[in-house]
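Let me begin by presenting the structure, written as structure tokens, before commenting on it.
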Amino acid sequence: MVWLKTLLLTLGAFIVGGAAVFLALYLDNGPLEQVFGTQTRTEAESPVAEHHASSPPAPLSESELPPVEQFNHIPKTKLYDDHVAVLMYHDMSSTEKGGDIITPDLFAAQLDFLRSKGMNFITLEQFRSFMEGAAVPENAVLVTFDDGYENFYTTAYPIMKERGISGVSFVITGDFSKKAMVYTPHMTRQEIQSMLAADPNTEVQPHTNHLHYKTSETTDALTAPLVKDGVKESPGEYITRISGDLATCIDQLKTLNKRPVDSFAYPYGLYTPEVEQVVKDAGIKYAFTTTLGLASRNDNPLAIPRINGGSPLVSPQRLFASIYWENKQPGHNLYLPDEVQHSGREDIRSVDVHR
Ligand SMILES: [Zn+2]
């Protein structure tokens with residue numbers, strides 16, 4: 001019977017050992033990962049260029065995204081230090097719905113939920129100090145809006161002000177004089193002046209003067225030479241054109257913004273090493289992309305990642321889940337798929353190509 005005893009002992013060891021391994025994995029990854037596994041996106045699926053090169057994917061519905069209810073129960077705690085979740089928004093409306101249009105109610109609920117989870121909203125000035133080596137509050141969040149729509153002034157900014165939150169609006173200065181010609185009205189100089197007078201911590205920063213339009217699936221007027229009457233700009237003409245545009249944009253904002261005009265958001269999140277250099281030469285210290293991630297001091301300051309809160313699919317819980325996950329497993333964020341991170345109306349300004 002010795003052989004039977006040996007067999008039973010061996011079997012027992014396997015069972016106990018297996019359970020121990022399972023328990024160890026569970027404890028290591030935590031219960032949340034057990035729910036959704038550790039499915040990851042490949043690098044090839046993530047870059048902005050890939051996203052723009054393919055035809056737009058069918059819009060996702062909320063039910064197709066991983067559930068986020070369990071994030072309701074995560075206690076208020078320190079999630080991260082020495083990082084900033086830079087939130088990205090575009091447009092806001094209580095009546096219209098779209099890829100990058102969210103309702104005022106959703107925006108307010110996102111801010112309130114993040115705060116209830118211990119997130120601390122910082123200003124662009126605090127972000128600058130952080131990038132230069134100063135401490136930043138734990139769970140730091142910076143709110144940014146692209147395109148300078150008038151609803152930033154009428155709707156988003158009041159919601160933030162009511163909560164003592166100051167953010168930054170990246171504005172297209174060429175739109176100051178074309179308010180009536182674009183589909184979504186843009187802030188005027190007067191509106192910006194009155195907003196910045198009421199809250200000196202809110203800032204406006206450049207988003208180009210006249211270069212916010214696509215010239216192909218993968219390029220815009222900032223990132224590639226233009227072709228006029230079949231003739232392509234020379235490299236010198238190209239650099240002169242985009243440098244001049246940036247200088248105009250920065251000069252116009254210097255008369256409005258009380259703090260340094262030193263931050264920039266790349267239209268469509270598109271940029272090249274050449275553009276980075278031009279942006280740097282223009283005096284920009286911090287340039288924001290649409291790449292998903294938390295900002296750290298070690299990042300290239302001219303390629304700062306952001307997290308898109310400006311989609312109707314991003315519930316308060318989903319936004320929190322996304323920040324939580326970007327901190328825990330950067331690059332393995334299931335809660336904000338590419339289609340949601342890059343959702344938007346990328347052709348909104350294509351009309352500009354013809355003017
Ligand atoms: Zn934009």
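Only the coordinates and a few stated rules stand behind these numbers; no lab work does. Predicted model, so just to flag it, every value in this text is computed and none were measured. Note: ideal-geometry Cβ built from the backbone for every residue, glycine included; neighbour counts use all protein chains shown.
Using modelled amide H (1.01 Å from N, peptide plane; none on Pro or chain starts), what sits under 5 Å from the amide H of Asn308, excluding residues fewer than 5 places away?
Correct list: Met88.
Of Thr155, Pro305, Pro260, whose Cα points farthest to the positive end of the dipole of the range 60-354 (charges on the beta-carbon: +1 Lys, Arg; -1 Asp, Glu; origin at the Cα centre)?
Pro260
Suppose we keep just the DSSP beta bridges with both residues in the range 60-354; what percent of those would be antiparallel, to 5?
25 percent
Which entries in the list Lys78/Lys285; Lys254/Lys285; Lys214/Lys328; Lys258/Lys285 go over 27 Å, if you measure between the two C-alpha atoms of each?
Table pairs above 27 Å Cα-Cα are Lys78/Lys285; Lys214/Lys328.
Quote the relative contact order of the range 237-327 in percent (integer), defining contacts as alpha-carbon pairs under 8 Å separated by 6+ residues.
Result for the range 237-327 is 21 percent.
Collect residues whose amide H, placed 1.01 Å from N in the peptide plane, falls under 5 Å from the amide H of Phe121; neighbours closer than 5 in sequence don't count.
Here the answer is Val141, since their amide H atoms fall under 5 Å of that of Phe121.
Taking just the C-alpha trace of the range 60-354, give me its Rg and Dmax in Å.
18.4, 61
Arrange the peptides 142-154, 64-76 so that the one whose residues have, on average, the most other Cβ atoms within 10 Å appears first.
Packing order, densest peptide first, comes out as 142-154, 64-76.
Suppose R0 equals 22 Å; then what is the FRET efficiency for Ser61 and Ser216 from their Cβ-Cβ distance, rounded to the nearest 0.05?
With a Förster radius of 22 Å, E is 0.15.
Over the range 60-354, what relative contact order in percent results from Cα pairs under 8 Å that are six or more residues apart?
Relative contact order here is 24 percent.
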